[in-house]
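Quick notes on the structure that follows.
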Amino acid sequence: TLPSVSRDALRLSAESSSIRENNDPLRVPQRLLWKDGAFLDYEQAVDTAVRILKEGGMDAIKLEGGSPSRITAAKAIVEAGIAVIGHVGLTPQAISVLGGFRPQGKNVASAVKVVETAMALQEAGCFSVVLECVPAPVAAAATSALQIPTIGIGAGPFCSGQVLVYHDLLGMLQHPHHAKVTPKFCKQFARVGDVINKALLEYKEEVTNGSFPGPSHTPYKMNPKDVNGFSKELQRLGLDDAASAANEAAVEPEKMNMVNTGSN
């Protein structure tokens, strides 16, 4: 979300809200859609949050960090009647301040700050707090100190709930570069990326050798009378080469069918 702006948040929220429309409420009785607040929108926090909920169809907005301006923004949004999720620990929108994607709470002062920030967000009215990339004892302490649920990502097993980026947990990105940047805390429950890569390579090969699209994937036909009429009309327009191309295309699928079925 670091490079995103409010209009991106609205677009992504609108796309995500289609989940609500497509989900059967009887099959998925409990779901919550939230959107990250765009970077540096905190001065217009309430207006942005209202638009995200109204135009994007979200249930809540998530705000990163616990600086005084973030706490003030969270409180103002809550007072406007909008549900807010806090986010402490490693906050990706603040990586330039944190010195990169580095875990937080690894020493006494930093650990206490994580807990105190989470409590301040609770006091501001947040109904939940995300704890990202903090040691398990810190997450356990924050979860115990709070009266609202914690959601862990790289924070150990002692949070109220867990979240992962689905690209990571599904193993969608299998390029060697992505293997280097996949978070240490993420378990890959599948290697979907391998399947995707294999399928794309097969697609490229079949397009290159001309076997795709074949007759079974060229379903839209013209009857011979219309092909003949179309060809004559092209010739009338002085497009003789186009007429020949149309006639050959009408015959080619049939030839391919005969080859595929072994007919003479």
*Number of the exception - residue 91 against (1) among the β-branched types (Val, Ile, Thr); (2) at pLDDT below 90; (3) out of contact with any Asp or Glu (no Cβ under 9 Å at 6 or more places or on another chain)*: (3)
*Answer yes or no as to whether residue 74 is buried (at least 18 other Cβ atoms within 10 Å of the Cβ), part of a helix (DSSP H, G or I) and at pLDDT 85 or above.*
yes
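Here is a yes/no grid of residues against (1) open to solvent by 60 Å² or more (accessible area, probe 1.4 Å); (2) out of contact with any helix residue (DSSP H, G or I) (no Cβ under 9 Å at 6 or more places or on another chain); (3) assigned to a loop (DSSP other than H, G, I, E, B); (4) at pLDDT 95 or above:
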| residue | (1), (2), (3), (4) |
| --- | --- |
| 120 | no, no, no, yes |
| 123 | yes, no, no, yes |
| 148 | no, no, yes, yes |
| 155 | no, no, yes, no |
| 177 | yes, yes, no, no |
| 180 | yes, yes, no, no |
*Only one of (1) surrounded by fewer than 19 Cβ atoms within 10 Å (Cβ to Cβ); (2) in contact (Cβ under 8 Å) with a residue 12 or more places away in the chain; (3) not in a loop (DSSP other than H, G, I, E, B) is not met by residue 167, so which one is it?*
(2)
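The values are calculated or read from the model by the stated rules, or taken from the named source; none is laboratory data. The shown structure was predicted, so the numbers you read here are calculated from the model rather than taken from an experiment. Don't worry about glycine lacking a Cβ; one is built from the backbone with ideal geometry, like all the others, and counts go over all protein chains shown. Please note that ligands, DNA and RNA were not included when accessible areas were found on the heavy atoms of the full protein model with its side chains. Shrake-Rupley method; radii C 1.70, N 1.55, O 1.52, S 1.80 Å.
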